[in-house]
Every structure is written in C-alpha cells, then in structure tokens.
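Derivation of every value follows stated rules applied to the coordinates shown; laboratory data play no part. All figures in this text were calculated on a predicted structure; none of them were measured in a lab. Every residue, glycine among them, receives a Cβ derived from its backbone with ideal geometry; neighbour counts consider all protein chains shown.
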Amino acid sequence: MPDVKVQFLFDFGSPNAYLSHKVIPAIEERTGVRFEYVPVLLGGLFRLTGNRSPAEAFGGIKNKPEYDMLEMRRFIQRHRIAGFRRNPHFPVNTLQIMRGAVAAQRDGTFETYVDTVFADMWEHERKMDDPEVIRAALDAAGLDGAQMLARIADTEVKAQLLANTQDAFERGAFGSPTFFVDGEIYFGKDRLRDVEEEIVRRRAG
C-alpha cells in the first residue's frame, strides 16, 4: 500500500487539539498510519493570519458559543473521552510549553512530554505558563523539569518553533488543530473523520 504522510499541527492551548490527540490513536490503529505531531505557536499563527481565538472572535454572538459547547460535548460523548476539564486559567500563554515540545522532540522524550502537558492543561487544570508549575508537572511524570526549563531557552529550540509556525502559515494553516494528509489541509477536530477517509483512500491507491 502507498505510504501516506499525515501531520497534526498542534498547540497545547487549544482544547480541540487535546480532544484530537485523544482520538488520533484509534485512527492510527484503524489505518496503520502514524500521525506526525508538529508543534506550532498558536499566538504566532494568529499574528501572521490576523485570526483570533473563538472566545474573542465569537464571544459576542448570541447562541454561537452555546452551540460550540454543545458540539464539544457531542464529540466527547461520541469518542468516549474521559477526564476533560475546562482549564480555569484559560487562556494560557503556551510559549514555554510549546518550546518544550520542540526540545522534547530533539531529546527523545516527545511522546511522554506531549501526553503529560496535554493532561496537565485539560485534565488536571494546571496553570501551564508558570515555570514552577511546569517544572513540578514534568517532574511528576518522570521527566526532568529543571532541565526542560533550561532547554526552553535554547536558541535552536526557539528558532525551530518559529520555523514550524511560519511553515504552517505558508502552507495555509490559521489555527490549531490543523491536519495535512499528503499536503492536503484539514482544520478542526470535526474534520478528523474526513482525515481518516482521505488516509484510507490514499492507502488504497
């Protein structure tokens, strides 16, 4: 079967990226295709595109926020996602933890780091822009929190996150979660069904 390249562009600050992260393993199992996780900085994408968070862009529209919450509940129920909590510190400045994701990729601890930080943001309700909270959360997961905080300041790590974000913008991304299937763009957790169908179609040749 043909190889298919699937990318998941994410920022920990997006609850919909977290929900996608919880669903992706089942899609990988069904299709036999692994998703490549690409850390991007959502705030950077917003600046490049002129986009704003849904809460800011649509907060004043009557009934839309309520409908968005209904769709989120439906998604959670459909995929039997347990443990999701609205983070009381939202919005969280994700610059440090997204740089940490790049560092973890380079250091070989990426999967553990991603699972840990997503859970800290959207299950344990932690303030993940506080360096001491970040350090303690990583230590509790068996990672070296102090070392990661040092790695976050690495010039190459900073540059890679900027490059990922710029590349995402140039490829058409404007938010998170964004998916690419062999370069074909899909936006939002509700497009995961389309993503899976496209993977299957391409695998069939």
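Quick rundown of the values:
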{"read-out": "Length-normalised contact order for the chain - Cα pairs under 8 Å, 6+ apart - percent", "value": "36"}
{"read-out": "Amide H within-cut-off set for residue 37, under 5 Å, with H built and near neighbours excluded", "value": "8"}
{"read-out": "Local electrostatic count at residue 115 - Lys and Arg +1, Asp and Glu -1, tallied over other residues with Cβ under 11 Å", "value": "-2"}
{"read-out": "Rounded to whole Hz, the Karplus (6.51, -1.76, 1.60) HN-Hα couplings of the range 116-129, x for glycine and proline", "value": "5, 6, 4, 5, 5, 6, 10, 10, 9, 6, 8, 8, 8, 10"}
{"read-out": "Estimated FRET transfer efficiency (residue 130, residue 162; beta-carbon r; R0 22 Å; 0.05)", "value": "0.45"}
{"read-out": "Cβ-derived FRET efficiency at R0 30 Å, residue 204 paired with residue 123, nearest 0.05", "value": "0.25"}
{"read-out": "Top positive-direction residue, dipole computed over the chain with Cβ charges, set 145, 31, 41", "value": "31"}
{"read-out": "Added length on full extension, which subtracts the Cα-Cα distance from 0.36 nm per residue, residue 28 to residue 78", "value": "16.3 nm"}
{"read-out": "Restricting the range 124-169 to GluC sites (Glu not before Pro) in coil, as DSSP defines it, with at most 10 other Cβ within 10 Å", "value": "none"}
{"read-out": "Per DSSP, loop trypsin sites (Lys or Arg not before Pro) in the range 125-205 with at most 13 further Cβ within 10 Å", "value": "171"}
{"read-out": "Filter on 22/127; 22/62; 127/158; 22/158 - keep pairs with C-alpha separation over 23 Å", "value": "22/62; 22/158"}
{"read-out": "Beta bridges per DSSP with both ends in the range 6-203, % antiparallel, nearest 5", "value": "60"}
{"read-out": "Charge dipole (debye, nearest 20) of the chain; +1 at Cβ of Lys and Arg, -1 at Cβ of Asp and Glu", "value": "600"}
{"read-out": "All-pairs alpha carbon distance profile, the range 1-99, 10 Å steps from 0, percent", "value": "12, 37, 37, 12, 1"}
{"read-out": "Difference of contour (0.36 nm per residue) and Cα-Cα distance, residue 194 to residue 150", "value": "11.9 nm"}
{"read-out": "Residues of the range 125-148 with amide N under 13 Å of a point placed 7 Å along Cα→Cβ from residue 115", "value": "141-143"}
